[in-house]
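One structure below.
The values are calculated or read from the model by the stated rules, or taken from the named source; none is laboratory data. A quick note: this is a predicted structure, and the numbers were derived from the prediction, not measured. Neighbour counts are summed over all protein chains in view; Cβ atoms, including those assigned to glycine, are modelled from backbone coordinates with ideal geometry.
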Amino acid sequence: MDVEQARFNMVEQQIRPWEVLDPKVLDLLSKVKREDFVPQVYRSLAFVDMEIPLGHGEQMWPPRVEARALQALQVQGHERVLEVGTGSGYFTALLASQANAVISVELHADLKSEADRKFHAHGYTNIQTRLGDAARDWTDDGAFDVIVLTGSSPLLPEAYLHRLNPGGRLFAVIGEGVIMSARLVTCVAAGAFRHDSLFETKVKSLDNALEPERFSF
């Protein structure tokens, strides 16, 4: 496989047509080596428009979803980021390439360990990983300028909104079933938030995600 041609095709055939035109995002996707974060057995699929299994039922986002999320978040070089669900570490690396610091929380110890190994190999010194369950909230590590939930949640965990600094943004995929809504929530002032629906998609739910109350008769 011609890796660079495959990367070019990913950008031109998947990402640009999905309304990702920000040159900073396109440049980043060309520089951060997605194939190095894909499990070896799936390396040949690194640039395919699909979710890639990671174990524990977890999956990498398709490249177009990663790109749209990055474009919406507009991460700045002075900002502090919280990522819920490290997974392969690829999206973490994309965030860290733009941010001042990234805290990434992973539920599965083996995924965390493998991601740490990749971060070290690629020289990312501004990423700190945590082992834990952050599906509904993360009370450690203070406030953030950017928060990303890499799995879906039936309901928006509103506890996270109160961890955003003024001007901060949260990206999450909300809903259940075959169609979910990718949303950007912006903290426009202390205690005030703007909600924008970006696109429809479907991604695996976070383990222990916040769910609506179920009625039984």
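So, restricting to strands (runs of 3 or more DSSP E) that lie completely within the stretch 9-126, which ones have at least 1 residues that are surrounded by fewer than 19 Cβ atoms within 10 Å (Cβ to Cβ) and not charged (D, E, K, R)?
52-55, 58-60, 101-106
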Would you pick out the residues in the stretch 181-217 that are among the β-branched types (Val, Ile, Thr) and either assigned to a loop (DSSP other than H, G, I, E, B) or surrounded by fewer than 15 Cβ atoms within 10 Å (Cβ to Cβ) (or both)? VAL188, VAL203
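State yes or no: is ARG64 out of contact with any strand residue (DSSP E or B) (no Cβ under 8 Å at 6 or more places or on another chain) and without any contact (Cβ under 8 Å) to a residue 24 or more places away in the chain?
On the way: out of contact with any strand residue (DSSP E or B) (no Cβ under 8 Å at 6 or more places or on another chain): yes; without any contact (Cβ under 8 Å) to a residue 24 or more places away in the chain: no.
Taking the combined requirement at face value, the residue does not satisfy it.
Hey, can you tell me all the residues within the stretch 128-154 that are in a loop (DSSP other than H, G, I, E, B), of a type in the set (A, V, I, L, M, F, W, C) and surrounded by 17 or more Cβ atoms within 10 Å (Cβ to Cβ)?
Of the residues in the stretch 128-154, the ones in a loop (DSSP other than H, G, I, E, B) are 132-143, 150-151, 154.
Next, only the ones that are of a type in the set (A, V, I, L, M, F, W, C) stay: 134-135, 138, 143.
Within the stretch 128-154, ALA134, ALA135, TRP138 qualify.
Each row is one residue, and each column tells you yes or no for (1) out of contact with any Ser or Thr (no Cβ under 8 Å at 6 or more places or on another chain); (2) modelled with pLDDT of 95 or more.
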{"position": "THR139", "(1), (2)": "yes, no"}
{"position": "ALA143", "(1), (2)": "yes, yes"}
{"position": "PRO154", "(1), (2)": "no, yes"}
{"position": "ARG169", "(1), (2)": "no, yes"}
Residues VAL48, VAL3, VAL38: which one is touching a Leu at 6+ places or on another chain (Cβ under 8 Å) and not hydroxyl-bearing (Ser, Thr, Tyr)? VAL38
Within the bounds of the stretch 172-180, is there any residue that is under 17 Å from the mean Cα position of the chain (by Cα), not polar (S, T, N, Q) and not in a strand (DSSP E or B)? yes
Is it true that ARG34 is within 22 Å of GLY85 (Cβ to Cβ), at pLDDT 95 or above and among the charged types (D, E, K, R)? yes
